[in-house]
1. I'm trying to understand the selection: among the residues of segment 4-36, which are within 14 Å of residue 55 (Cα to Cα) and in contact (Cβ under 8 Å) with a residue 60 or more places away in the chain?
2. Which pairs do you get when a residue that is in contact (Cβ under 8 Å) with a residue 24 or more places away in the chain, found in segment 281-300, comes within reach of a residue that is within 16 Å of ligand 1 (Cβ to nearest atom) and hydroxyl-bearing (Ser, Thr, Tyr), reach meaning Cβ atoms under 8 angstrom, with the pair 6+ apart or on two chains?
3. May I ask you to say which residue of 66, 48 is in contact (Cβ under 8 Å) with a residue 12 or more places away in the chain, buried (at least 17 other Cβ atoms within 10 Å of the Cβ), aromatic (Phe, Trp, Tyr) and assigned to a loop (DSSP other than H, G, I, E, B)?
4. Give me the residue from segment 24-45 that is assigned to a helix (DSSP H, G or I) and surrounded by 22 or more Cβ atoms within 10 Å (Cβ to Cβ) and, out of that set, nearest to ligand 2 (Cβ to nearest atom).
5. Among the numbered criteria (1) farther than 20 Å from residue 84 by Cβ; (2) within 15 Å of ligand 2 (Cβ to nearest atom); (3) crowded, with 18+ Cβ neighbours inside 10 Å, which single criterion is violated by residue 114?
6. Is it true that some residue in segment 171-179 is farther than 21 Å from residue 39 by Cα, in contact with a Leu (Cβ under 6 Å, 6 or more places away or on another chain) and either among the charged types (D, E, K, R) or within 11 Å of ligand 2 (Cβ to nearest atom) (or both)?
7. Applying the selection to segment 173-195, what residues are more than 21 Å from residue 25 (Cα to Cα) and surrounded by fewer than 20 Cβ atoms within 10 Å (Cβ to Cβ)?
8. Quick check on this structure: which one of 185, 146 is within 13 Å of ligand 1 (Cβ to nearest atom) and either part of a helix (DSSP H, G or I) or among the aliphatic types (A, V, I, L, M) (or both)?
Amino acid sequence: MERTGRNVLVTGGAGYIGSHACKTLAAAGYVPVTFDSLVTGWQEAVRFGPFEPGDLSDRARLDEVFARWQPVAVMHFAALSQVGESMSQPGRYWRANVLGTLNLIEAAVAAGCRDIVFSSTCATYGDHDGLLLDEDTPQRPLNAYGASKRAIEDMLRDFGASHGVNAVIFRYFNVAGADPDGEIGEWHRPETHLIPIILEVATGQRAALTIFGEDYATPDGTCIRDYIHVSDLVDAHVLGLRWLEDGRGSRVFCLGSGHGFSVREVVEEARRVTGHAIPVAAAPRRAGDAARLVCGSRRAVEELGWQPQRTDLASMIADAWRSPRGVEEFRLRLPAG
Ligand SMILES: NC(=O)c1ccc[n+]([C@@H]2O[C@H](COP(=O)([O-])OP(=O)(O)OC[C@H]3O[C@@H](n4cnc5c(N)ncnc54)[C@H](O)[C@@H]3O)[C@@H](O)[C@H]2O)c1
Ligand SMILES: O=c1ccn([C@@H]2O[C@H](COP(=O)(O)OP(=O)(O)O[C@H]3O[C@H](CO)[C@@H](O)[C@H](O)[C@H]3O)[C@@H](O)[C@H]2O)c(=O)[nH]1
């Protein structure tokens with residue numbers, strides 16, 4: 001067994017949110033052991049603990065990694081997570097997310113590791129006529145990605161009843177920004193997320209932002225989302241981990257800022273922050289998009305003692321703007337040797 005502190009198995013630790021979580025876990029005294037297939041992540045982003053390459057579909061590999069590190073808990077970020085893609089390739093989403101997580105839970109249980117922090121999403125809710133969303137809002141996903149995450153939530157509840165699995169389920173709203181120290185950032189190839197794409201337009205890597213739908217029932221016709229800073233989000237994860245270590249049991253928490261911004265408002269804010277024009281072009285709706293997803297819950301603040309620090313959209317965009325915005329730029333910024 002390799003154990004230098006309290007080992008936490010971080011699936012998806014080479015991805016955007018997972019790499020930020022590894023940095024915060026290491027700072028909090030844990031050893032974040034990244035398990036990642038690199039399907040959408042980057043080995044360069046694994047900087048804060050050991051790397052165990054592997055895919056969630058490979059049960060034998062999972063067993064090996066649990067035996068080697070004997071983690072006290074799992075933080076489960078690994079997933080396919082694009083709303084639009086999930087509508088054209090639902091099989092990939094059900095297989096990778098649902099079957100992959102089933103393997104992970106069974107491997108964890110077999111290894112005697114019963115505490116799991118899980119990345120769920122507000123994409124499990126679907127449209128609710130403009131209502132603010134909280135932990136009790138019915139989940140009626142509009143896309144295969146959200147449906148796969150809802151299924152995993154159900155799976156965790158079933159394994160809780162049968163095998164004593166304790167799950168802190170975080171339903172994130174739209175995660176944005178980057179490590180304020182500028183060490184790591186958000187890089188996807190191809191990029192599909194709104195703010196990184198807007199920043200690619202600002203730097204001239206793309207000609208214009210394509211706005212998917214301007215005929216939604218929102219004030220300016222574009223979709224509204226609630227943006228949460230990735231650093232605040234991962235802080236909540238450490239609190240969630242402690243909640244489980246304290247034996248407080250399974251619980252669902254929404255993580256959002258409580259403020260909704262339309263696509264057009266995000267573009268306006270990015271124009272202010274970057275000083276660039278950011279041209280836009282209209283396009284039809286993207287399949288699977290809800291009109292409005294905004295958090296109305298304070299449970300994480302009240303029960304976990306979560307205190308988000310970077311809640312304004314401008315600081316999220318500014319941190320993303322300053323961060324390495326691509327693996328090539330990140331490689332250039334790495335210290336020599
Ligand atoms: N970004 C957001 O706004 C947001 C919002 C809500 C929920 N989430 C959830 O947070 C988690 C992390 O999202 P992200 O934005 O960092 O995505 P990401 O694509 O940057 O990271 C996902 C990581 O998981 C790895 N991975 C994927 N499938 C795997 C598999 N089968 N086996 C091993 N590794 C695998 C990828 O290589 C990648 O490193 C996901 O579960 C996502 O659904 C994200
Ligand atoms: O080029 C683009 C990209 C996005 N959008 C719109 O911008 C909004 C935000 O899109 P995106 O950044 O792709 O985020 P979501 O589709 O909302 O999904 C993110 O946020 C979800 C929670 O809401 C998570 O579960 C997902 O994993 C994560 O990808 C949506 O209305 C999109 O239609 C555009 O108009 N043009």
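Throughout, read-outs are computed from the coordinates displayed, never taken from laboratory work. Source: prediction; values computed, not measured. Because the Cβ atoms are built from the backbone with ideal geometry, glycine has one as well, and the counts that use them run over all protein chains shown.
1. Of everything in segment 4-36, those that are within 14 Å of residue 55 (Cα to Cα) and in contact (Cβ under 8 Å) with a residue 60 or more places away in the chain turn out to be 9, 10, 11, 12, 13, 15.
2. Here the result reads 288/86; 288/145; 290/125; 293/125; 295/257, each pair linking segment 281-300 to a residue that is within 16 Å of ligand 1 (Cβ to nearest atom) and hydroxyl-bearing (Ser, Thr, Tyr).
3. 48
4. Of all residues in segment 24-45, those assigned to a helix (DSSP H, G or I) come to 24-27, 43-45.
Right, trim to surrounded by 22 or more Cβ atoms within 10 Å (Cβ to Cβ) and you get 25, 45.
Values: 25: 21, 45: 17 Å.
So, considering only residues that are assigned to a helix (DSSP H, G or I) and surrounded by 22 or more Cβ atoms within 10 Å (Cβ to Cβ), the one nearest to ligand 2 (Cβ to nearest atom) is 45.
5. All conditions are met except number (2).
6. The answer is yes; a qualifying residue exists.
7. The answer is 188, 189, 190, 191, 192, 193.
8. From the options 185, 146, the qualifying one is 146.
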